[in-house]
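One structure below.
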Amino acid sequence: MNRVDLPNSSSPCNCSDVIEELMKEEALPLSISDSPRSSGGMDACLIAMDSLRKNELLRTQHVERSPFVFFDPHSFSNPEQVRVTHMRIIADFDVSQEQMQGAVHLDVVNQTGTEWLYLDSKDLTILEVLDEPGNALEWFLGDKDPLLGQRLAIRIGDRTSIKVRYITSKDAEGLYWHSKDPENFLLYSHSQPTYTRSWLPCQDTPGVRTTLSFAFLADPRWLAVSSSGNNPEQKVKGGIYRMETKIPIPSYLIAFCVGNLEYRKTGERTGIYAHPEMIDRAYDEFSHLELVLDRAEQLLGEYSWGRYDMLILPVDFPAGAVENPMVSFFSSAVVAGDKSLMYYLFHELAHAWAGNKVTARGWEHLWLNEGITTYIELILAEEFNGKDYAEMLEKIYYNKLVDELAGSAGFDGALRMHLEGRNPRDAFSLVPYYKGYFFLKMLEKKIGKEKLLPFLKKYFEAFRFQSVTTEEFESYLFTRFPEVKDEDFQVYQWLYEPGLPGNCPMVQSEKMTQIEQLSSDWLQRGDLRSLKEMVPSLTPQQWVFFIQNLKTSTASQLAEIDALFDLRNHPNLIIREAWLTAAVHSQYTDCYPAVKAFVLTASKPRIVRAFLSKLMNSPEGADLALEIYNEGKSFFYPRSLAAAEAAQKIKHPA
């Protein structure tokens, strides 16, 4: 590869001795306040980096692909040439500045003899890059892409190990700093799909898996956990935490949390982490966690990850839950008090097989993670909560899928998506989850659950700890079941075309049929008597389904229901969200103060985006959207702020 010789980008820092100590196995990172930036070394490094960015000769070049073709439109990395096989991550935290100082040791295999290793980074300050003996290496950052960040290029030659020291931005998209009060402090990561690069320079693609270890230096009052395993059950004296996994995982599953946490065991292999004020409630809700793991293992084959723990995070955790290996992260919203939201647990646990053990190679194939997981989720839901519970979920999922497909453009309604040039977050519609589920449900109806579950079990072993594509799954399916190639199965339509094929299974739920009658009575005759009688026995799923059926309601009709049941203040957040969504849809403005309070409190990117987008459909709603934005921009996390701005089409000056 013809590249110009680069100046030594790390030499201005003059901190090779520091990084050498930092990266020793027994050493700990310096605190940020002790780093070279305080004496001017950091400024010199930044000046050098700015000079490099301006040098036209250093612009990124097209990478010539080796015979093993790798393509991920959302990664600058070149794993087909150089593959990272192990990462040792050391982290220290400056709470006052909301920054992490990191050092990562990368073991690499140079498969083609190329000179350059390319990593993904976003808004990272690179302090220095060294080889194993401590010699400074040449490196540069490519042009900034607002979506993907920057390519970090490192001249490695024949080296097999390198070391990178860096500092994260205060606005790192993958880090969430919750409270500076030591008693309530939490710092956690949320990296899916491509936010790992905002706190760790890496090959940030689901097509690459690597083993890893963590070393944390934390306040002794805090406890640290991570997706690298052997997590502690109690705080460690001195706040020094070391964790390691020998199972390779993709970058989006690399996760950690540091803060005031307690641990409660629920079995030999399971337990719960939560804030001391939440631990009792969380334990009561999920005390049968070990039983769920045992049953999942019977259905799907060996659980490969050792322990399975839950981490309960604040309600503003940016997702309902995330499937990080060994310790799944959950929003406290799932702790409903009545076990009605157990499907969140079933879903995240199922990811231990679909997604974590066998991973979609790119975000275009997300359904391989989420659709298969949703199928397993509903099997576990029926096993533990009964057939009625599973059928109610299925009915809700079907309704949501139909609405989603109606609003999908082009091939966004296909399971195998095309995302080149787009935000990988676009993959996370309801299509990969629910259309993927109904594709597997169709297969179950035609070949039988007694054949489909063993097929999935073999699939998880055949592609164990590998990343796969839709096409590879399709080929494996056809090999096991040649009859699935028949037109009657419509596999091509399911995988590669938008919409729902004609052989989509019919969804039936006796419990939901009752709710359909109740909503019909109300919409056609204004009769709420039956609903009043059923309220004590209604499940959250039935409430959500009832609200789904109020799409044609007027604001005055919603006001009558609200006056009777006070749904705007319902303690179950799933019901409250559904109700407030209906209120915005029908422009029920009396509920707008509750809408504002809900969005500002939850403040998840998904919720911010959904509510503000809908509010923009009316002048009064647009005023409220702007009010929410102005009030929330001082504390919204970066991704929530970006969601608010996108919903209102707010553009900043260049």
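A compact table of results
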quantity	calculated
Complete set of residues in the range 114-145 that are under 22 Å from Ala172 (Cα atoms), open to solvent by 30 Å² or more (accessible area, probe 1.4 Å) and part of a loop (DSSP other than H, G, I, E, B)	Asp123, Asp143, Lys144
Considering residues of the range 603-614 that are in contact (Cβ under 8 Å) with a residue 60 or more places away in the chain and charged (D, E, K, R) only, the residue most open to solvent (accessible area, probe 1.4 Å)	Arg606
Set His288, His275, His190: member being in contact (Cβ under 8 Å) with a residue 12 or more places away in the chain and either in contact with a Cys (Cβ under 6 Å, 6 or more places away or on another chain) or more than 25 Å from Lys170 (Cα to Cα) (or both)	His288
Which listed residue is crowded, with 21+ Cβ neighbours inside 10 Å, within 30 Å of Arg425 (Cα to Cα) and within 17 Å of the chain's Cα centre (by Cα), from Pro314, Pro318	Pro318
Test: His178 is over 22 Å from Val208 (Cα atoms), touching a residue at least 24 places away in the same chain (Cβ under 8 Å) and not hydrophobic (A, V, I, L, M, F, W, C)	yes
Residue, surrounded by the most Cβ atoms within 10 Å (Cβ to Cβ), within the range 146-178, restricted to residues that are among the hydroxyl-bearing types (Ser, Thr, Tyr) and outside any strand (DSSP E or B)	Thr168
Members of the range 277-303 that are among the hydroxyl-bearing types (Ser, Thr, Tyr) and either open to solvent by 20 Å² or more (accessible area, probe 1.4 Å) or part of a helix (DSSP H, G or I) (or both)	Tyr283, Ser287
The one condition in (1) touching a strand residue (DSSP E or B) at 6+ places or on another chain (Cβ under 8 Å); (2) open to solvent by 10 Å² or more (accessible area, probe 1.4 Å) that Pro325 fails to fulfil	(2)
Strands (runs of 3 or more DSSP E) enclosed by the range 179-271 - at least 3 residues per element that are open to solvent by 10 Å² or more (accessible area, probe 1.4 Å) and at pLDDT below 95	240-250
Subset of the range 295-320 that is modelled with pLDDT under 95 and among the aliphatic types (A, V, I, L, M) - its residue that is farthest from Ile376 (Cα to Cα)	Val315
Boolean, Asn503 is over 29 Å from Gln298 (Cα atoms) and at pLDDT 95 or above	yes
Test result for Ser198, under 27 Å from Leu368 (Cα atoms), of a type in the set (S, T, N, Q), in contact (Cβ under 8 Å) with a residue 60 or more places away in the chain and touching a helix residue (DSSP H, G or I) at 6+ places or on another chain (Cβ under 8 Å)	no
Residue within the range 341-357 that is part of a loop (DSSP other than H, G, I, E, B), surrounded by fewer than 18 Cβ atoms within 10 Å (Cβ to Cβ) and modelled with pLDDT under 95 present	no
Test: Phe546 is at pLDDT 90 or above and in contact with a Ser or Thr (Cβ under 8 Å, 6 or more places away or on another chain)	yes
Candidate set: the range 498-515, residues that are surrounded by 15 or more Cβ atoms within 10 Å (Cβ to Cβ) and out of contact with any helix residue (DSSP H, G or I) (no Cβ under 6 Å at 6 or more places or on another chain); chosen: the one farthest from Met417 (Cα to Cα)	Gln514
Filter result for Phe455 (closer than 26 Å to Leu293 by Cα and of a type in the set (Phe, Trp, Tyr))	yes
Residues (under 23 Å from Arg609 (Cβ atoms), in contact (Cβ under 8 Å) with a residue 60 or more places away in the chain and either open to solvent by less than 20 Å² (accessible area, probe 1.4 Å) or not in a helix (DSSP H, G or I) (or both)) located in the range 381-407	Ile396, Leu401
Filter pass, Leu600 being among the hydrophobic types (A, V, I, L, M, F, W, C) and either open to solvent by less than 20 Å² (accessible area, probe 1.4 Å) or under 23 Å from Lys395 (Cα atoms) (or both)	no
Index of the failed condition, Gln111 passing every other in (1) open to solvent by 20 Å² or more (accessible area, probe 1.4 Å); (2) within 27 Å of Met243 (Cα to Cα)	(2)
Residues of the range 170-201 satisfying the condition of being more than 17 Å from the chain's Cα centre (by Cα) and closer than 28 Å to Phe70 by Cβ	Pro201
Set Asp158, Asp181, Asp131, Asp171: member being of a type in the set (Asp, Glu), over 16 Å from Phe76 (Cβ atoms) and in contact with a Pro (Cβ under 6 Å, 6 or more places away or on another chain)	Asp171
Candidate set: the range 545-554, residues that are open to solvent by 40 Å² or more (accessible area, probe 1.4 Å) and β-branched (Val, Ile, Thr); chosen: the one nearest to Leu600 (Cα to Cα)	Thr554
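Yes/no matrix, rows are residues, columns are (1) surrounded by fewer than 22 Cβ atoms within 10 Å (Cβ to Cβ); (2) over 25 Å from the mean Cα position of the chain (by Cα); (3) closer than 28 Å to Tyr637 by Cα:
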position	(1), (2), (3)
Val535	yes, yes, no
Trp543	no, yes, no
Ser556	yes, yes, no
Asn569	yes, yes, yes
Ile574	yes, no, yes
Ala594	yes, yes, yes
Met616	yes, yes, yes
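To keep it simple, each residue is scored yes or no on (1) of a type in the set (Val, Ile, Thr); (2) open to solvent by 50 Å² or more (accessible area, probe 1.4 Å).
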position	(1), (2)
Ala409	no, yes
Leu415	no, no
Leu419	no, no
Val431	yes, no
Lys435	no, no
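The values are calculated or read from the model by the stated rules, or taken from the named source; none is laboratory data. All of these numbers come straight from a predicted model, not from anything done at the bench. A quick note on method: Cβ atoms are made from the backbone with ideal geometry, for glycine too, and the neighbour counts reach across all protein chains shown. Each accessible area value is taken on the protein alone, full model and side chains, heavy atoms only, with ligands, DNA and RNA left out. Shrake-Rupley method; radii C 1.70, N 1.55, O 1.52, S 1.80 Å.
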